[in-house]
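For reference, the structure is listed below as structure tokens.
The values are calculated or read from the model by the stated rules, or taken from the named source; none is laboratory data. Bear in mind that the values here come from a model prediction, so they are computed numbers and not experimental data. Reconstructed Cβ throughout: ideal geometry from the backbone, glycine too, with neighbour counts over all protein chains shown.
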Amino acid sequence: MTIPDLYAMKERSPFSAASQSSARTRVRILICDDQKLVRVRIREMLEPDPGVVVIAEAGGGHEAVRLALRLKPDLILMDLSMPDMDGAEATRQILARLPQVRIVAFSSDSSSESMGRMFAAGAWGYLLKTGDSAELLVSLHRVISGNRVISPPRRAHATWTRPD
């Protein structure tokens, strides 16, 4: 599949209302995060969507590269901080061999340096783990439709005031 093919998916995108009733290929997603609980939760959020299918999960960068090259997903949700190879390097390696794949960073790091590293590696988006499930789903839909995404800025720490 080439980039023009991905843009053509916009017409038959599993996310468009018109395509919900027509036969089509579901968007194949690879989830990459070193925390199993995060991977499981993301899978649970995505599974009810009839337009997507989670084809695999990777717990590290090396595994992400290996699975991506073998399974050729449409979209990869990539954690930035992983113990064996970070998400930026995994993104570079994957896109060097599979340039048609859309990779979205998924991180708790909101620094401009980290965002810059992922975009320089070729990521289509950068989402913060502090976002909610609806934001994640909408953002993934936007990327498959050909748009780039960045999480809205968030406060670094929530404040809580004790009620009197």
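Candidates in segment 134-156 are the residues that are under 13 Å from S111 (Cα atoms) and of a type in the set (D, E, K, R); of these, the one that is modelled with the lowest pLDDT is R155. Considering the conditions (1) closer than 19 Å to R43 by Cβ; (2) part of a loop (DSSP other than H, G, I, E, B), L137 is excluded by exactly one of them, (2).
The listed residues are D33, D74, and the only one of them that is over 16 Å from Q93 (Cα atoms) and either touching a residue at least 60 places away in the same chain (Cβ under 8 Å) or surrounded by 17 or more Cβ atoms within 10 Å (Cβ to Cβ) (or both) turns out to be D33.
Only one of the numbered conditions (1) free of Cβ contacts under 8 Å to residues at least 40 places away in the same chain; (2) assigned to a helix (DSSP H, G or I); (3) over 24 Å from P152 (Cβ atoms); (4) not acidic (D, E) is not met by A56, and that is (2).
Answer yes if at least one residue in segment 122-133 is at pLDDT 95 or above, surrounded by 11 or more Cβ atoms within 10 Å (Cβ to Cβ) and out of contact with any strand residue (DSSP E or B) (no Cβ under 7 Å at 6 or more places or on another chain), and no otherwise. The answer is no; no qualifying residue exists. Could you tell me whether E113 is modelled with pLDDT under 95, assigned to a helix (DSSP H, G or I) and surrounded by fewer than 19 Cβ atoms within 10 Å (Cβ to Cβ)? Here the answer is yes, as E113 does meet what is asked.
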